[in-house]
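What follows draws every value from the coordinates through simple rules; no lab data is involved. For clarity, every value in this text was computed on a predicted model and none was experimentally measured. Ideal geometry is used to build each Cβ from the backbone, glycine not excepted, and the neighbour counts take in all protein chains shown.
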Amino acid sequence: MKVGNRQMRTIWLEPDGRGIGIIDQTALPHRFETRTLATLEEAVEAIATMRVRGAPLIGAAAAYGYALALAADPSDGSLASAYRALAAARPTAVNLRWALDQVLAAVRGLPPAVRAEVAYRRAGEIAEEDVAINRAIGGHGLSLLRGLAAEKPGRTLNILTHCNAGWLATVDWGTATAPIYLAHEEGIPVHVWVDETRPRNQGAALTAWELGQHGVPHTVIADNTGGHLMQRGEVDLVIVGTDRTTATGDVCNKIGTYLKALAARDNRVPFYVALPSPTIDFTLEDGVAEIPIEERHGDELALVSGRTADGGVASVRVVPDGSPVANYAFDVTPARLVTGLITERGVLRANRESLADAFPDRAAAAHAARALTPAAE
Ligand code: MRU
């Protein structure tokens with residue numbers, strides 16, 4: 001997607017064929033910075049500190065991080081230890097583990113001398129697949145938006161989104177934003193309500209930034225505003241992303257998503273979740289009971305960072321010294337609150353039958369791969 005007039009992706013292989021280029025998302029929206037990851041340790045750090053974030057991008061970054069590790073040391077020991085280090089970097093987005101399993105399956109059994117080359121190739125394919133998947137999600141979501149726009153001719157379609165499930169969260173296009181970008185390009189009048197998404201403000205900092213780069217009309221709102229707007233008829237639909245989707249259609253996304261789904265149900269506002277199939281964890285049945293919810297450092301909540309009047313970036317404390325804080329990063333929205341899942345294979349009902357019918361290959365592969373991981377040995 002566009003940064004200024006430049007076409008960019010969030011992650012790329014550097015010209016030396018080894019280093020991995022990324023956009024450092026911790027610097028946005030105040031500074032646009034790229035950096036090169038040269039080691040496994042740098043890849044783990046970039047994922048854990050959220051220089052790269054968003055489930056699909058975490059997956060691509062982990063795959064490239066695995067390749068970096070194998071370029072440095074292609075031994076069996078490195079294969080197992082790099083897997084563990086990357087898998088532990090962030091616990092909730094299942095794309096991370098999916099991507100590691102893909103690379104592991106590609107290199108396992110090969111002589112060490114060729115493992116890095118094969119790992120880079122598979123990582124590159126994962127990145128390309130992500131772009132194609134998100135473009136397909138965009139197409140299916142666009143049909144949905146066309147239908148809703150036709151119901152209110154001449155009026156703007158108001159879409160609420162939470163966190164950043166935009167192109168910055170993927171290799172390109174985004175999941176929740178892909179239909180929005182396509183609708184905007186097609187001339188459908190869209191406007192996006194952007195939840196700020198405390199504590200890390202991915203909505204205010206990232207979604208607003210990328211929509212702005214593309215000229216998509218949007219308004220940033222405080223996290224608690226969505227219900228009020230829905231009551232006033234100012235939200236036509238909600239589209240969010242997901243970090244892990246169970247076999248039964250429960251979705252785990254950025255903290256606060258569940259409350260939006262409840263408000264949407266109470267106000268009969270359609271609540272859609274856009275997801276690439278690597279986000280589906282076919283080994284899980286009950287999202288609330290089984291999905292690991294990441295808890296991050298309390299400083300993310302206690303401190304707020306932003307640009308100062310003199311153009312610098314500073315952090316200020318908004319919680320009294322000594323008050324305990326709890327920073328849960330995700331919550332689970334049960335399938336019963338989800339109107340539909342926008343996937344690369346169409347818009348599905350959020351239930352076991354629809355997911356298994358659409359992705360029989362993924363369901364089988366997930367079970368097989370899980371049995372092969374080093375952790376399971
Ligand atoms: O903690 P983050 O910023 O990695 O969380 C991102 C989200 O919650 C996204 O909505 C999700 O990963 C879907 S991205 C297409």
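The sole residue among His218, His228 that is free of Cβ contacts under 8 Å to residues at least 24 places away in the same chain, more than 13 Å from the ligand (Cβ to nearest atom) and under 24 Å from Arg155 (Cβ atoms) is His228.
Considering the stretch 47-148, the qualifying helices (runs of 4 or more DSSP H), each wholly inside and each with 2 or more residues that are more than 13 Å from the ligand (Cβ to nearest atom) and β-branched (Val, Ile, Thr), run over 94-107. Among the residues of the stretch 150-181, just one is of a type in the set (Ser, Thr, Tyr), touching a Phe, Trp or Tyr at 6+ places or on another chain (Cβ under 9 Å) and more than 9 Å from the ligand (Cβ to nearest atom), namely Tyr181. Considering the stretch 291-323, and only residues there that are acidic (Asp, Glu) and within 25 Å of Leu96 (Cα to Cα), the residue that is nearest to the chain's Cα centre (by Cα) turns out to be Glu294. Quick check: is even one residue across the stretch 234-254 surrounded by fewer than 24 Cβ atoms within 10 Å (Cβ to Cβ), more than 14 Å from the ligand (Cβ to nearest atom), among the aliphatic types (A, V, I, L, M) and in a strand (DSSP E or B)? Yes, the stretch 234-254 contains at least one residue that is surrounded by fewer than 24 Cβ atoms within 10 Å (Cβ to Cβ), more than 14 Å from the ligand (Cβ to nearest atom), among the aliphatic types (A, V, I, L, M) and in a strand (DSSP E or B).
For the stretch 68-105, filtering for residues that are within 14 Å of Ile280 (Cβ to Cβ) and of a type in the set (D, E, K, R) leaves 2. Taken together, the residues in the stretch 182-202 that are closer than 26 Å to Gly147 by Cα and within 16 Å of the ligand (Cβ to nearest atom) amount to 5. When the stretch 234-263 is filtered for residues that are more than 13 Å from Pro334 (Cα to Cα) and of a type in the set (A, V, I, L, M, F, W, C), the ones remaining, listed by number, are Val235, Leu237, Val238, Ile239, Val240, Ile255, Ala263. Checking each residue in the stretch 196-220 for being crowded, with 18+ Cβ neighbours inside 10 Å and β-branched (Val, Ile, Thr) picks out Thr197, Thr207, Val216, Val220.
Scanning the stretch 112-161 for residues that are farther than 22 Å from Asn95 by Cα, touching a Pro at 6+ places or on another chain (Cβ under 7 Å) and among the polar types (S, T, N, Q) returns a single hit, Thr156. Filtered by the rule that a residue be of a type in the set (A, V, I, L, M), closer than 18 Å to Ile342 by Cβ and buried (at least 20 other Cβ atoms within 10 Å of the Cβ), the stretch 123-143 gives Ile133, Ile137, Leu142.
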